[in-house]
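Peer 1: Got a structure for you, written out below as structure tokens; questions coming shortly.
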Amino acid sequence: MKALKHVNKYFSKYKYRYSFGILICILSNILKLQIPDFIKNSINAADDYSKGIITDISIVKTSLLNNILLIVGAAILAGIFTFFTRQLIIVTSRLVEFDLKNEIYQQYQKLSLNFYKKNRTGDLMNRISEDVSKVRMYVGPAVMYSLNTVVSIIVTFTLMIQTDATLTLYTLLPLPILSVSIYYLSRLIHKKTTIVQEYLSILTTSAQETFSGIRIIKSYATEPQSIHNFEEIAELSKQKNIELYKVQALFFPLMILLIGISNLLVIYIGGQRHIDGFITLGDIAKFIIYVNILTWPVAVLGWVTSIVQQAEASQQRINEFLKEKPEIINQVENSSEINGTIRFKDVTFTYDDTNITALKNVNFEISQGKTLAILGKTGSGKSTIINLIARLYDADTGEVLIDGINIEQLNLNNLRQSIGFVPQDAFLFSDTIENNIKFGDENATIETITKAAKDAYIDHNITEFKNGYKTFVGERGVTLSGGQKQRVSIARAIIKNPKILIFDDCLSAVDTETEEIILNNLERITKNRTTIIVSHRISSIKHADSIIVMDEGCIIQKGNHLELSTQEGFYKELYEQQLLD
Ligand SMILES: Nc1ncnc2c1ncn2[C@@H]1O[C@H](COP(=O)(O)OP(=O)(O)OP(=O)(O)O)[C@@H](O)[C@H]1O
């Protein structure tokens, strides 16, 4: 129950709803448990008439009618109260589910890129959906049924002891066996549930990756292998589930057996006590009804225990993520003004998962409003430079300075808001083109959206679609070409009107003619904006104010196009080679 302590704050948040639910639950049980007494009175009235203690049949009839009316009244009222208990407690559990999902989602948003690299998407999804549902079963049904069980056990036992303490003692004899078995079975269930949840995560991840990579799977015709892999994981998951349910299945027969023994004891011991004159026939009937009324709450104990165990296992998995600390934290509450002079001072950076040192003592500076181009072989560290500017990672040694201030001393939100970033692999949300562009500025009007699209040279493509800017892209809509996606992504960065614009090899999928048009447009847009262009093509970068050439994490050449194209080295070789192409 250690992990589940986390949800105590929600019990406290909804304390009034829970308290009211508990009160109604108690009332409903008290009413329900009056019914055996009314049945006892009816049986005793009939018994007294048959023994000649009451001779007037009309008295017996009136007593029977009164008791029947009382039974019906108590049952109706108990039913109404049960309805309200469910309304209060189950509805509240949905509110807790909503809060917990939001709490996890907010935490996911805060966590750094490294966290997303270490954990697979399927697992992230599973914890926010499947695991939260298990916890909801604890804060809703488990609370309601335990409450029901506790109240009915207390009320029933009080009424039983009032009638005959000795018979009550015999009836309770199987209880210790019940508690010990519940204890051992729940421990086993907890262990098995944790394993089941882990397998479910693996299964979700496998399915999710298959769907994301469906084009590759189909084009390589590896569907049978993909089906086989899925079947193997599903088989393992099924076996773990069966193992769990085999243990769970032991609960109900055990309960029924123990209740059956209690019934036998009531009939046998109760019969003897009636012969000895301690209790009436009606009392025996009342005891049998009590024992059977207890069947459901006691049987439910097993179910509730397994819900609690499953919720504990799930909350443990949720807590693992909730206690993760974001690696990149905002250390400055005051807002920071960003103008855009960027300087790398002896920056070294190693990706801790791969241990690759992607940048080694990198030094360079771009003044506010100027354009820097970064060129280099694949894997030479170009994107890493950009990752450090956007503070997706922090440098290990050295400093990244913006306007002379260490980037870690700037307000993180302000920093990221002042950057317009076009990544290498353009990502579009499953939404309209308009909303995808508006992502850069949620208040943008259709005029500014169109203007940004024109600058990114994508407007003419969009207007050709039947629904224009309202065209849906992504999973349920139009599939844009690689080059079109890149250009929508450029429009999204432009519309943000940022101080720093970063283009990470984002024109790789457009032809040279389109590239020329976009670059011409960008010339106007990037004026007075610090701009960084990463590219493999000299044509994209030759107009930059300065160019750095990277190799294996180091800057091997620096200068402008004129200087570098006349200097022996990588740049000149590439330039000449591309001129020939
Ligand atoms: N997220 C990451 N985790 C671990 N290692 C990484 C990560 N990103 C890049 N690397 C490694 O760091 C090195 C530099 O990568 P980077 O992406 O900066 O190169 P790049 O010059 O942008 O390459 P490309 O032109 O292919 O995009 C590479 O060896 C790469 O394998």
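Peer 1: Would you point out the residue of the range 528-542, among those that are surrounded by 16 or more Cβ atoms within 10 Å (Cβ to Cβ) and farther than 18 Å from Ile389 by Cβ, that is farthest from the ligand (Cβ to nearest atom)?
Peer 2: Step one: of the range 528-542, the residues surrounded by 16 or more Cβ atoms within 10 Å (Cβ to Cβ) are 529-538, 540-542.
Next cut, farther than 18 Å from Ile389 by Cβ only: 536-538, 540, 542.
Details: His536: 7, Arg537: 12, Ile538: 15, Ser540: 13, Lys542: 18 Å.
Across the range 528-542, the extreme among qualifying residues is Lys542.
Peer 1: Would you mind finding the one in Glu312, Glu333 that is of a type in the set (Asp, Glu), touching a residue at least 60 places away in the same chain (Cβ under 8 Å), outside the structural domain of Ile547 (by the TED database) and open to solvent by 40 Å² or more (accessible area, probe 1.4 Å)?
Peer 2: Working: Glu312 fails: open to solvent by 40 Å² or more (accessible area, probe 1.4 Å).
Of Glu312, Glu333, the one residue that is of a type in the set (Asp, Glu), touching a residue at least 60 places away in the same chain (Cβ under 8 Å), outside the structural domain of Ile547 (by the TED database) and open to solvent by 40 Å² or more (accessible area, probe 1.4 Å) is Glu333.
Peer 1: With the requirement that a residue be small (Gly, Ala, Ser) and open to solvent by less than 20 Å² (accessible area, probe 1.4 Å), what does the range 543-564 give you?
Peer 2: Taking the range 543-564 as the starting set, the residues that turn out to be small (Gly, Ala, Ser) are 544, 546, 553, 559.
Selection gives Ala544, Gly553, Gly559.
Yes or no, residue by residue, for (1) assigned to a helix (DSSP H, G or I); (2) open to solvent by 70 Å² or more (accessible area, probe 1.4 Å); (3) in contact with a Phe, Trp or Tyr (Cβ under 8 Å, 6 or more places away or on another chain):
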| position | (1), (2), (3) |
| --- | --- |
| Ser133 | yes, no, no |
| Arg136 | yes, no, no |
| Ser146 | yes, no, no |
| Ile161 | yes, yes, no |
| Thr166 | yes, no, yes |
| Val180 | yes, yes, no |
| Leu185 | yes, no, yes |
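Peer 1: Has the range 411-419 got at least one residue that is under 13 Å from Asp504 (Cα atoms) and either modelled with pLDDT of 95 or more or crowded, with 16+ Cβ neighbours inside 10 Å (or both)? Let's see the steps before the verdict.
Peer 2: Taking the range 411-419 and keeping what is under 13 Å from Asp504 (Cα atoms), we get 419.
With the extra rule that they be either modelled with pLDDT of 95 or more or crowded, with 16+ Cβ neighbours inside 10 Å (or both), the set shrinks to 419.
Scanning the range 411-419, I find at least one residue that is under 13 Å from Asp504 (Cα atoms) and either modelled with pLDDT of 95 or more or crowded, with 16+ Cβ neighbours inside 10 Å (or both), so the answer is yes.
Peer 1: With respect to Ser367, is the statement that it is open to solvent by less than 80 Å² (accessible area, probe 1.4 Å) and near the ligand (Cβ under 8 Å from one of its atoms) true?
Peer 2: no
Peer 1: Looking only at residues that are under 27 Å from Tyr393 (Cα atoms) and aliphatic (A, V, I, L, M) in the range 89-137, which one is farthest from the chain's Cα centre (by Cα)?
Peer 2: Leu113
Peer 1: Which of the helices (runs of 4 or more DSSP H) contained wholly in the range 223-328 include at least 2 residues that are in contact with a strand residue (DSSP E or B) (Cβ under 7 Å, 6 or more places away or on another chain) and closer than 30 Å to Tyr138 by Cα? Give the steps one after another, and end with the answer.
Peer 2: On the way: elements: 223-249, 251-275, 281-322.
Those helices (runs of 4 or more DSSP H) do not exist here; none qualify.
Peer 1: Can you name the residue in the range 344-378 that is touching a strand residue (DSSP E or B) at 6+ places or on another chain (Cβ under 7 Å) and not in a strand (DSSP E or B) and is also nearest to Ile547 (Cα to Cα) among such residues? Step through it out loud before you land on a result.
Peer 2: Step one: of the range 344-378, the residues touching a strand residue (DSSP E or B) at 6+ places or on another chain (Cβ under 7 Å) are 344-351, 356-366, 368-377.
Next, only the ones that are not in a strand (DSSP E or B) stay: 368-370, 377.
Working: Gln368: 15, Gly369: 15, Lys370: 11, Lys377: 14 Å.
Here the residue is Lys370.
Peer 1: Turning to a different aspect of this structure: Which condition does Glu523 not pass, out of (1) out of contact with any helix residue (DSSP H, G or I) (no Cβ under 9 Å at 6 or more places or on another chain); (2) open to solvent by less than 50 Å² (accessible area, probe 1.4 Å); (3) not basic (Lys, Arg), if it passes all the others?
Peer 2: Evaluating Glu523 over (1) out of contact with any helix residue (DSSP H, G or I) (no Cβ under 9 Å at 6 or more places or on another chain); (2) open to solvent by less than 50 Å² (accessible area, probe 1.4 Å); (3) not basic (Lys, Arg) leaves (2) as the failure.
Peer 1: For the structure I just gave you, tell me whether Leu69 is without any contact (Cβ under 8 Å) to a residue 24 or more places away in the chain, open to solvent by 70 Å² or more (accessible area, probe 1.4 Å) and within 20 Å of Thr149 (Cβ to Cβ). Steps first, please.
Peer 2: Working: without any contact (Cβ under 8 Å) to a residue 24 or more places away in the chain: yes; open to solvent by 70 Å² or more (accessible area, probe 1.4 Å): yes; within 20 Å of Thr149 (Cβ to Cβ): no.
Taking the combined requirement at face value, the residue does not satisfy it.
Peer 1: Let me ask another. Every residue in the range 455-476 that is surrounded by 15 or more Cβ atoms within 10 Å (Cβ to Cβ) and among the basic types (Lys, Arg), please.
Peer 2: If the condition is that a residue be surrounded by 15 or more Cβ atoms within 10 Å (Cβ to Cβ) and among the basic types (Lys, Arg), then no residue fits.
Peer 1: Determine whether the range 32-47 contains at least one residue that is over 17 Å from Ile288 (Cβ atoms), of a type in the set (Lys, Arg) and either free of Cβ contacts under 8 Å to residues at least 12 places away in the same chain or open to solvent by 60 Å² or more (accessible area, probe 1.4 Å) (or both). Please lay out each step first, then the result.
Peer 2: As a first pass, look at the range 32-47 and keep what is over 17 Å from Ile288 (Cβ atoms): 45.
Add one more test, that the residue is of a type in the set (Lys, Arg), and what stays is none.
The answer is no; no qualifying residue exists.
Peer 1: Whether any residue in the range 252-270 is under 26 Å from Ile128 (Cα atoms) and open to solvent by less than 90 Å² (accessible area, probe 1.4 Å) is what I want to check. Even if it seems obvious, please write down each step before you answer.
Peer 2: Within the range 252-270, the subset under 26 Å from Ile128 (Cα atoms) is none.
Scanning the range 252-270 turns up no residue that is under 26 Å from Ile128 (Cα atoms) and open to solvent by less than 90 Å² (accessible area, probe 1.4 Å).
Peer 1: Here's another thing I want to ask about it. Name the single residue, out of those in the range 478-497 being over 32 Å from the mean Cα position of the chain (by Cα) and within 24 Å of Leu415 (Cβ to Cβ), that is nearest to the ligand (Cβ to nearest atom).
Peer 2: The extreme case among them is Ile494.
Peer 1: Which pairs turn up if I take residues in the range 560-572 that are farther than 15 Å from Arg537 by Cα and look for partners that are open to solvent by less than 40 Å² (accessible area, probe 1.4 Å) and not basic (Lys, Arg) with beta carbon separation below 6 Å, at least 6 apart in sequence or on another chain?
Peer 2: The qualifying pairs are Gly569/Gln557.
Peer 1: Could you check the range 92-110 and list, in sequence order, the residues that are touching a Gly at 6+ places or on another chain (Cβ under 9 Å) and open to solvent by less than 60 Å² (accessible area, probe 1.4 Å)?
Peer 2: Keep residues of the range 92-110 that are touching a Gly at 6+ places or on another chain (Cβ under 9 Å), which gives 92-94, 96-97.
Scanning the range 92-110 gives Thr92, Ser93, Val96, Glu97.
Peer 1: OK, next. Within the range 271-285, take every residue that is touching a residue at least 24 places away in the same chain (Cβ under 8 Å) and surrounded by 15 or more Cβ atoms within 10 Å (Cβ to Cβ) and give me the one that is nearest to Leu159 (Cα to Cα).
Peer 2: Asp283
Peer 1: Still on this structure: For the range 461-473, check the following and say yes or no: at least one residue is without any contact (Cβ under 8 Å) to a residue 12 or more places away in the chain and of a type in the set (D, E, K, R).
Peer 2: yes
Peer 1: Now for a separate question. Restricting to the range 395-415, and then to whatever is more than 22 Å from Lys117 (Cα to Cα) and of a type in the set (Gly, Ala, Ser), can you tell me which residue is nearest to the ligand (Cβ to nearest atom)?
Peer 2: Gly398
Peer 1: Now for a separate question. From the residues in the range 379-394 that are more than 7 Å from the ligand (Cβ to nearest atom) and assigned to a loop (DSSP other than H, G, I, E, B), which one is surrounded by the fewest Cβ atoms within 10 Å (Cβ to Cβ)?
Peer 2: It comes out as Asp394.
Peer 1: Could you check Leu77 against (1) more than 30 Å from Ile318 (Cβ to Cβ); (2) in contact with a Ser or Thr (Cβ under 6 Å, 6 or more places away or on another chain) and say which number it fails?
Peer 2: So the condition that Leu77 fails would be (2).
The values are calculated or read from the model by the stated rules, or taken from the named source; none is laboratory data. Here the structure is a predicted model, which means the values were calculated and not measured. For neighbour counting, all protein chains shown are included, and Cβ atoms are generated from backbone atoms with ideal geometry for every residue, glycine included. Remember, those area values only see protein heavy atoms, side chains included, never the ligands or the DNA or RNA. Shrake-Rupley method; radii C 1.70, N 1.55, O 1.52, S 1.80 Å.
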